[in-house]
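K.L.:
Structure below; questions to follow.
The values are calculated or read from the model by the stated rules, or taken from the named source; none is laboratory data. Nothing here was measured: the structure is a model prediction, and the numbers come from that model. Using ideal geometry, Cβ is built from the backbone for each residue, glycine included, and neighbour counts are taken over all protein chains shown. Note: areas computed on protein heavy atoms with side chains; ligands, DNA, RNA excluded. Shrake-Rupley method; radii C 1.70, N 1.55, O 1.52, S 1.80 Å.
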Amino acid sequence: GAGPTPGSGSGGGGAAGGESWYLALLGLAEHFRTSSPPKVRLCVHCLQAVLPRKPPARMEARTHLQLGSVLYHHTRNGDQARGHLEKAVSPGAGGPIPQFEDVKFEAASLLSELYCQENSVDTAKPLLRKAIQISQQTPYWHCRLLFQLAQLHTLEKDLVSACDLLGVGAEYARVVGSEYTSTKIMNFPLKLQLLLMERKLQEVHPLLTLCGQIVENWQGNPIQKESLRVFFLVLQVTHYLDAGQVKSVKPCLKQLQQCIQTISTLHDDEILPSNPADLFHWLPKEHMCVLVYLVTVMHSMQAGYLEKAQKYTDKALMQLEKLKMLDCSPILSSFQVILLEHIIMCRLVTGHKATALQEISQVCQLCQQSPRLFSNHAAQLHTLLGLYCISVNCMDNAEAQFTTALRLTTHQELWAFIVTNLASVYIREGNRHQELYSLLERINPDHNFPVSSHCLRAAAFYIRGLFSFFQGRYNEAKRFLRETLKMSNAEDLNRLTACSLVLLGHIFYVLGNHRESNNMVVPAMQLASKIPDMSVQLWSSALLRDLNKACGNAMDAHEAAQMHQNFSQQLLQDHIEACSLPEHNLITWTDGPPPVQFQAQNGPTTSLASLL
């Protein structure tokens, strides 16, 4: 959750009359911290002024915790933050003072987070284990620390240890009588299974149903119940999206959006739980709100509602900016990077390459601030650069970016996505048959497709169809494209539908079947305008122009030619603008962390991609 405020947690107050100076400094520090924007330097000065006065051990430890927290959340001064947090954690800092342990646990939690940010996971683990060992009398912290260590094991793909810890947490919660936390923690292994059980989807569905029933039947505090429902629905929605089932997910997504609206109308202080273990929340309410925006963006992008994706991205980024002013929790940066990754893909489709490139550069900057964020997103970053390279017709660079991304990823879905796009690069280059056959065999949608994603399998059929078209094997191409259409219609995958329709239209045109070609290209154009997909619009308008010319419809041919001219101009202007940006040099980066500076170029060095 969020970092502690200078007055938060146990043991912060309770100062006697003689300690009024302490309360005054604390109040002043809090005032500076919550100013808009926060006055961090003044807040730190106030807290530092406490230490030379040799306050009691409890106060000293809490001040170190507060200083560590403020420095960690609001500055990049990791060394000083670490120093203060280590003093707050160290056994000599306190002694047997009632509720002093809370300070130690909060500091241990924050310090291990800081270690992970610095990629020192092996230092974080023993610290958390020790804190877990001595926190059994403090239910809230015991649950939270167990959860934190389990998340750490998840990051390292050690799912057995993570599940074991969550089992311990669930049992502990049951013993101390917290049905809420017990239900919550037992649900979490489901997320772990969803991440790595792509080939065992039939086992996931009954588990989802069971968890749904547990949540619905649970009687308790309304905020906790809604929080549990959000947790469960997020799992369900991401499960469907991972499986590329854009239509099937709609009822769950709708429920999730209603649920977050309900939560935002409830107030945290309405009913305080009687059991301390029930204070444990999986995510603060404000973060949940951003998360729901995020999954909505993911859905809109996959389904091809790109204007909706843009609207929700703007809302989420605005909310994130507000939150980051008071709380620099690492999860907020992760949310921001994932949002940008999705909107960048949307921009490339809608013909806004220059904006996409600037947003790729923004992701680089966010990753420069955190080694962990970079190691988690490096493959995605190179994949995005590969997609950008395709859009500006830099095929050699695209190949280098995708090859780098393949080297960096262990995620099956991302691997299949990269391979599919790399195959499209080889098809366009036209002279890479050996590599292409090898790739196509690895993503063969007819047998042993490597992932269970409906969307990626439909895309693999499309790539096969595209390759067959270029080889002049039109009947084979039609078979593959009809498969794509069948799959994309079943799950409302609008972009794949539009691409398949226009390619089928092109095949029928080449075969001289003008009527059938028209039946394909007109709906393709309508769908492409709705998405909007600039490349498909360009392609469709060219095909409509040629079709109408061939059929002697001079007026319609002229109108289509005018449309084609407009799309070409827009794409060309955007192309020139993107290639003129200094960030365009990112396309040559294939090794190590993202470059800090970009050298400005004199102008574009690439020609506009001819689509076919």
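K.L.:
Quote the accessible area belonging to Tyr140 in square angstrom, nearest 10, computed with a 1.4 Å probe and with ligands, DNA and RNA left uncounted.
P.N.:
60 Å²
K.L.:
Still on this model: Given a 1.4 angstrom probe, what's the average accessible area per residue across the stretch 384-446, in square angstrom?
P.N.:
With the other protein chains kept in place, the stretch 384-446 gives 39 Å² per residue.
K.L.:
Just to confirm, what accessible area per residue do you get for the stretch 283-372 at 1.4 Å probe, in whole Å²?
P.N.:
Dividing the accessible area of the stretch 283-372 by its residue count gives 34 Å².
K.L.:
Can I ask one more? Taking 0.36 nm per residue of separation and subtracting the Cα-Cα distance, what length does fully extending Ser438 through Lys54 add?
P.N.:
Stretched fully, the Ser438-Lys54 segment lengthens by 131.2 nm.
K.L.:
Here's something else I'd like to know. How much accessible area per residue does the stretch 21-117 have, in Å², with a 1.4 Å probe?
P.N.:
43 Å²
K.L.:
Run the accessible area of the stretch 101-153 with a 1.4 Å probe and give the carbon-and-sulfur part as a rounded percent.
P.N.:
The value for the stretch 101-153 is 46 percent carbon and sulfur by accessible area.
K.L.:
Compare the Cα positions of Cys46, Val103, Val89 along the charge dipole of the stretch 21-117 (+1 at Cβ of Lys, Arg; -1 at Cβ of Asp, Glu; about the Cα centre) and return the one farthest towards the positive end.
P.N.:
Final value for the positive-end residue is Cys46.
K.L.:
For the stretch 411-480, rounded, prolate or oblate, judged on the Cα gyration tensor with a ≥ b ≥ c (square roots of eigenvalues), a/c < 1.5 rounded, else prolate if a/b > b/c?
P.N.:
oblate
K.L.:
Order these peptides, 557-565, 105-113, by their mean beta-carbon neighbour count within 10 angstrom, highest first.
P.N.:
Ranking the peptides 557-565, 105-113 by packing returns 105-113, 557-565.
K.L.:
Also, quick follow-up: Highest first, please rank the peptides 253-265, 291-303 by the mean number of other Cβ atoms sitting within 10 Å of their residues.
P.N.:
In decreasing order of mean packing, 253-265, 291-303 become 291-303, 253-265.
K.L.:
Strictly over 28 Å apart at the Cα level, which of Lys39/Lys130; Lys324/Lys530; Lys87/Lys125; Lys250/Lys311; Lys225/Lys486; Lys254/Lys285 would you flag in this model?
P.N.:
Pairs exceeding 28 Å: Lys39/Lys130; Lys324/Lys530; Lys225/Lys486.
K.L.:
Straight distance only, please: which aspartates and glutamates reach the Cα of Lys322 with their own Cα at less than 15 Å, same-chain residues fewer than 8 apart left out?
P.N.:
Glu286, Asp314
K.L.:
Averaged over every viewing direction, what's the projected area of the C-alpha convex hull for the stretch 366-450? Give it in nm², one decimal, please.
P.N.:
Averaging across all directions leaves 5.9 nm² for the Cα convex hull.
K.L.:
A follow-up question, please. Tell me, what % of the accessible area of the stretch 411-480 is carbon and sulfur with a 1.4 angstrom probe?
P.N.:
The nonpolar share, carbon plus sulfur, comes to 49 percent.
K.L.:
Residue separation times 0.36 nm, minus the C-alpha to C-alpha distance between Lys549 and Val121: what's the value?
P.N.:
Going from the current span to full extension adds 147.5 nm.
K.L.:
Just grab the label-to-label distance for Arg515 and Gln133, each label 7 Å out from Cα along the Cβ direction, in nm (one decimal).
P.N.:
8.3 nm
K.L.:
Just to be sure I understand: if I project the alpha-carbon convex hull of the stretch 21-117 onto a plane and average over all orientations, what area do I get in nm²?
P.N.:
Averaged projected area of the stretch 21-117's Cα convex hull equals 6.0 nm².
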